[in-house]
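Please read the structure below before turning to the comments.
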Amino acid sequence: MNLLITIFVACSTITFAVSEEQFKVIVVGAGPSGIATASKLLENGINNILILEAENRVGGRINTQNWNGRNIDLGAEWCHGEKNNIVWETLKEKGLLNLLEHDDMPEEIFLSSRKHISKEFSKQLFELLDIYLELDETNLPKNISLGEVMVKRFNQEIHRKFGDDKEKYSVAKSALDWMENMILCLEAAFTWDDVGIFSDYEDAEGYLNWGWGNHGYKIYLDILTKKYPNPKEQLPIDNKILLNKEVKKVTTSENGNKIVCVDGTSYKAQHVVFTPSLGVLKSDAKSLFDPQLPAEKLEAIEKIGFGAVMKVFVKYDRKWWGNLNGMNFIWTEEDRKAATEKFSREPLNSKGQSWIVEISNAIALPHSNILLVWFTGEIEPSIEKMDEATLQKGIEFTFDKFFGHIFDVPKPQNILKTTWYTNPHFRGTYSFTSVNSTGREVEILQQPVSNSLGVPILQFAGEATNKKHHSTVHGAVESGFREANRIIQLYNKS
């Protein structure tokens, strides 16, 4: 039961004892939104603050780790866009855009049947994703799901494009599951039948996959706290953070808030800025707050979508894939059945098929011998619980099935999987617009709980509270600045 999103800024654990000391602001969670909140407050002279973090690290859903000699991002990985993106704009303002690299996404498609797909045909298959990117919501009912629309339009489009070519039509028909998994990487839902087509989300203009190279996303958090590029200018934030502080109860009253942690410690504050993942709120909101949150806020928490994607990093002794920047996998129906016979005792999807047929995409990490394999969809929670030996065996089988005839594929030296969904401090990765939501829910979620004088005493931040930029780091940071400014403006008036 833990609400704390975290951020990866190098930070020492402080050891002083605090028992019901009165703070002006307590930030729950040291994630991008939490660190953004605290940084903005400190910059504006509000120093009597404390950050309570549930994990044993600062980082939250930004989690850069050094693995096999390279920094990898277990969580957020790319700066998505440029214009109206606070991350990009901060780098530009400080002359640090050189920290970013243009990560090319893989466009090569491979078939489980090992039949060759031309670059032209690969391009045509990728163009099917335009159905999703260019959805016209006109004349569609409000409660229709993305899946329902996509399946119908996908079938219409492949018939139009490939109906006269039996072989291409057969391959294109097999691409439907690949397409769903690609879209679920963006939405983080467990099925596209849970995703609504009416969303307020706005892409930031510009290239959407700026990578951080060997720096990892953590360097942006160092920039946010002014630790980088000049450590002498760092904000006094390190000694404001307490790690391993899982919040058990937040009690609000006319005079402020009392927070009790699982370890028995308690803290008081005039204002609490709460920056949990929506997954944690979905799980624990009804038991965490006293008095309970307003009914409309609880309903909003329930209706907004939240799911998970999973990464598996696979390290090799050499870059066996040559100059490819990754690969896409399309399974034929025949090979899906064969794979299920091979791995029948492992988790099966709702179609009764082996988990390995959900491998649909792998990205080559620049400057390394590492491939990043993605898992999405309904089977993701089961794969998180899978032992690494079984997971590696399935990946080996899949790579040999697709590439054994053209590459000498060695056994991996090491693998590392993420477990965002099964971690009680996160319970998933990022939010999405569900088929049950109207857009109003995010506005309700971001509204503070105020006392009888209209003073906000319990505030909410995090990517899920950002109507236009949810599911992104820049959306989380914007929400943190929003709530910090709410407090700053309050005291500027007084």
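The values are calculated or read from the model by the stated rules, or taken from the named source; none is laboratory data. This one's a predicted model, so the numbers in the text were calculated from it and none came from an experiment. Note: ideal-geometry Cβ built from the backbone for every residue, glycine included; neighbour counts use all protein chains shown. Accessible surface is based on the protein model in full, side chains and every heavy atom, while ligands, DNA and RNA are left aside. Shrake-Rupley method; radii C 1.70, N 1.55, O 1.52, S 1.80 Å.
Some values worked out for this structure:
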item: Distance in nm between pseudo-label sites at Glu443 and Glu167 (7 Å out along the Cβ direction from Cα); result: 5.5
item: Accessible area (Å², 1.4 Å probe, nearest 10) - Asp317; result: 90
item: Between helix 278-288 and the chain: long-axis angle, C-alpha atoms, 0 to 90°, nearest 10; result: 40
item: C-alpha long axis of helix 388-403 to longest principal axis of the chain, angle in °; result: 40
item: Solvent-accessible surface ranking, highest first, for Cys79, Cys185 at 1.4 angstrom; result: Cys185, Cys79
item: Amide hydrogen neighbours beyond the local backbone of Ile457, cut-off 5 Å, H modeled; result: Val449, Ser450, Asn451
item: Cut-off under 5 Å, modelled amide H: who pairs with Thr429 long-range; result: Gly307, Ala308, Val309
item: 20 °C / 1.002 mPa s Stokes-Einstein diffusion coefficient of the range 393-445, Kirkwood radius on C-alpha pairs, µm²/s; result: 140
item: Under-5 Å amide H pairs with Thr332, H placed in peptide plane, nonlocal only; result: Ser112, Ser113
item: Accessible-area composition of the range 12-159, carbon plus sulfur, in percent [1.4 Å probe]; result: 44
item: Cα→Cβ-extended label distance, 7 Å offset, between Gln292 and Glu101, nm; result: 5.1
item: Mean shadow area of the chain over all directions, Cα convex hull, nm²; result: 24.0
item: Sum of -39500 (n - 2.57) over DSSP H runs of 4+, divided by residues of the chain (222 nm, nearest 500); result: -10000 deg cm²/dmol
item: Cα pair count fraction exceeding 25 Å, expressed as % - the range 383-494; result: 51
item: Between helix 473-493 and the chain: long-axis angle, C-alpha atoms, 0 to 90°, nearest 10; result: 20
item: Dipole of the chain, positive end: most advanced residue of Phe403, Asn239, Ser382 [Cβ charges, Cα centre]; result: Asn239
item: Residue-span extension gain [Gln234 to Ser113] - 0.36 nm each, minus C-alpha spacing; result: 38.0 nm
item: Chain lengthening between Glu254 and Arg318 when straightened (0.36 nm per residue, less Cα-Cα); result: 16.8 nm
item: Accessible surface ranking that places the most exposed of Arg486, Arg160, Arg61 first, with a 1.4 angstrom probe; result: Arg160, Arg486, Arg61
item: Cα centroid of the range 207-223 to Cα centroid of the range 231-279, whole Å; result: 27
item: Entries of Lys24/Lys94; Lys319/Lys468; Lys218/Lys468 with Cα pairs more than 28 Å apart; result: Lys24/Lys94; Lys319/Lys468
item: Residue-wise HN-Hα coupling along the range 209-214, computed from phi with Karplus coefficients 6.51, -1.76, 1.60 (Hz; x: Gly, Pro); result: 10, 7, x, 9, x, 7
item: Farthest toward positive dipole pole in the chain [+1 Lys/Arg, -1 Asp/Glu at C-beta], among Ser368, Trp212, Gly60; result: Gly60
item: Share, in percent, of DSSP beta bridges within the chain that are antiparallel, nearest 5; result: 65
item: Along each principal axis, Cα extent of the range 77-184, largest first, Å; result: 55, 40, 18
item: Accessible area, probe 1.4 Å, largest first, for residues Ile406, Ile301; result: Ile406, Ile301
item: Inverse of mean 1/r across different Cα pairs in the range 240-385, Kirkwood, Å; result: 19.6
item: From phi via Karplus (6.51, -1.76, 1.60), per-residue ³J(HN,Hα) for the range 72-84 in Hz, x at Gly/Pro; result: 10, 9, 6, x, 3, 10, 10, 8, 8, x, 10, 5, 6
item: Full-extension gain in nm, Leu135 to Asp408, via 0.36 nm per residue minus C-alpha separation; result: 94.2 nm
item: Average accessible area per residue (Å²) across the chain - probe 1.4 Å, nucleic acids and ligands excluded; result: 42
